[in-house]
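The numbers here are math on the coordinates, done by the rules we state, and not lab data. As the structure is a prediction and not an experimental result, all values here were calculated from the model. Cβ coordinates were reconstructed from backbone atoms using ideal geometry, including for glycine residues, and neighbour counts include every protein chain displayed.
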C-alpha cells in the first residue's frame, strides 16, 4: 500500500470514529412519568406524579417526586439521587420485604414532604429532610431505619411534636421499632425546637449538632463531638431514652 493511500484510509477511520463518538455523546434519553415495570431500566430520569410501586428497577437520571406523587421502590438502584417536592411521599423498602433494600447514588433531598419511610439499603450522598406538608387530622413520624448513609444527615424545620422523625430507635415502645443506621458523615438537627426527633443506637463517624432543636440521642457511637447550640437540648420521650452516648470528641450538650 502506498503511503498516500495508507494515510487516506487512516484519516477516514479516524473520521468515522470521531463521528461515532460525537453521535453517541449527543443521545438524550427522555424523562418518563410512567411507573416503571418491575425489572425494567429507566434512562433519563423518572418523575412521579401519582402512586407508583415497583421492584428491581434501575433508574439513571434521578427521581423527582412531585406534590401528590408517592413512590415505593424495592430492590432497586437509583443513579442521580431522589428529590421529593412539597406534598410528595417516598417509601424505600417500606413496608420492609426480605431482599427489598435499595441503593441510591446521589443522595436524597426532601422539601416539605408528606411522608418518608426508608428501611435498609444504601444512600451515597447527603440526606436532607427539610420541613413537612401537614395533613389535617394526622401526625407524621418519618423513619430512616437500618440504612447505610455515605454522607451527612440533615434534619431541619420540622413541626411541633408528636410530629417528627426516628432515625434508629430499636427500643421504641410507642411506635414501630427502627433498626440503627450507619452514618459515614455528620448529623445536623437545625430549627426543630418543638419536634420529636429520636436518634438511637446509630454509628456516626462524624459529629452531631443539635442547633435550636430538641432531640433524644441514646446509645449512639459518635466519632466526633456532640454539640448543642442556640438553645438546642436533649430530651426524653420513651422509657429507654437515656441520652447517654459514646463520644469520641467533646460532649457539648
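A Cα-only calculation for the range 183-229 places Rg and Dmax at 9.9, 27 Å.
Modelled label positions at residue 33 and residue 250, each set 7 Å beyond Cα in the direction of Cβ, lie 5.2 nm from each other. Measuring nothing but how far apart in sequence close Cα pairs (under 8 Å, 6+ apart) lie, relative to its length, the range 137-205 scores a relative contact order of 40 percent. Remark on the range 30-252: Rg and Dmax equal 16.8, 52 Å (Cα only). Here the gap between residue 122 and residue 41, fully extended at 0.36 nm per residue and compared with their Cα-Cα distance, gives a gain of 27.2 nm. Could you give the angle, 0 to 90 degrees to the nearest 10, between helix 3-25's Cα long axis and the longest principal axis of the Cα atoms of the chain? Relative to the chain, helix 3-25 is tipped by roughly 30 degrees.
Multiplying the residue separation of residue 53 and residue 161 by 0.36 nm and removing their Cα-Cα distance gives an extension gain of 35.9 nm. Per-residue ellipticity at 222 nm computed for the chain from its helices equals -3000 deg cm²/dmol, with DSSP H segments shorter than 4 residues left out and the rest contributing -39,500 (n - 2.57).
Placing dummy labels 7 Å off each Cα toward the beta-carbon, the span from residue 205 to residue 238 is 2.7 nm. Overall, the anisotropy analysis places the range 73-137 in the oblate class: the square-rooted eigenvalues a ≥ b ≥ c of its C-alpha gyration tensor yield a/c not less than 1.5, with a/b not exceeding b/c. If a paramagnetic tag sat 7 Å from the Cα of residue 176 along the Cα-Cβ line, which residues of the range 91-128 would have the backbone N under 17 Å from that point? Answer for the range 91-128: 91-102, 114-121.
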